[in-house]
1. How large is ³J(HN,Hα), in whole Hz, for each residue of segment 34-46 in order, when computed from phi with the Karplus curve 6.51 cos²θ - 1.76 cosθ + 1.60 and θ = phi - 60°, using x for Gly and Pro?
2. If you take the Cα Rg of the chain and divide it by 2.2 N^0.38 Å, with N the number of residues, what do you get?
3. With θ set to phi - 60°, apply the Karplus curve 6.51 cos²θ - 1.76 cosθ + 1.60 along segment 82-97 and write out the HN-Hα couplings as whole Hz, x wherever there is a Gly or Pro.
4. Which loop trypsin sites (Lys or Arg not before Pro) in segment 1-39, with loop taken from DSSP, have no more than 10 other Cβ atoms within 10 angstrom of their Cβ?
5. Given +1 on the Cβ of Lys and Arg, -1 on the Cβ of Asp and Glu, and no further charges, what dipole in debye does the chain carry about its Cα centre, rounded to the nearest 20?
6. Please report the spacing between the Cα centers of segment 58-89 and segment 5-24 in Å, no decimals.
7. Pick out, from 45, 35, 84, the residue whose Cα sits farthest towards the positive end of the charge dipole of the chain, with +1 on the Cβ of Lys and Arg and -1 on the Cβ of Asp and Glu.
Amino acid sequence: MRIALTPDQIRMLASRAERQLEQAMAASMRESLDNPAIPRACHSSVHDAVVSLVKLYRDHVPGKADIATQIAREYARGADPLAGGPSVASVRSIHALSKRVRISALSQPAADGESAA
């Protein structure tokens, strides 16, 4: 059985995943400016955030399955074979894509619902 999420819950989950990506990018900058990959200590949290975003956009946001596909492809494309994890550029791209969708698409239903009331 699929759990239905409210628009506020979807926004909160997307924001939480974006925050995890931001923290991984910040950790990467603190560790080394020359390293193009996310630090090994952050691999798990980045993976969890990406999986959460893919599932969220695919299963709970109508018409955004293509965004989930773009996120998954960017994550796969950004894998750094030497570091064994995603590159900072890939994580930055996923973060920007998710943030853009959250701001544009996820804020519209709330605005429409308020204007109809």
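Just so it is clear, none of the values below were taken in a lab; they were calculated from the coordinates. Owing to the predicted nature of the structure, the values given are computational and were not obtained by experimental measurement. Glycine gets a Cβ as well: all are built from the backbone with ideal geometry, and neighbour counts include every protein chain shown.
1. Running phi through 6.51 cos²θ - 1.76 cosθ + 1.60 with θ = phi - 60° gives 8, 7, x, 10, 5, x, 4, 5, 9, 4, 5, 5, 5 Hz.
2. 1.14
3. Each residue of segment 82-97 in turn: 6, 8, x, x, x, 7, 5, 4, 5, 5, 4, 5, 5, 4, 5, 4 Hz.
4. Counting only loop positions with at most 10 other Cβ atoms within 10 Å, the trypsin sites (Lys or Arg not before Pro) in segment 1-39 are 2.
5. 120 debye
6. Segment 58-89 and segment 5-24 have Cα centres spaced 15 Å from each other.
7. So the residue we want is 84.
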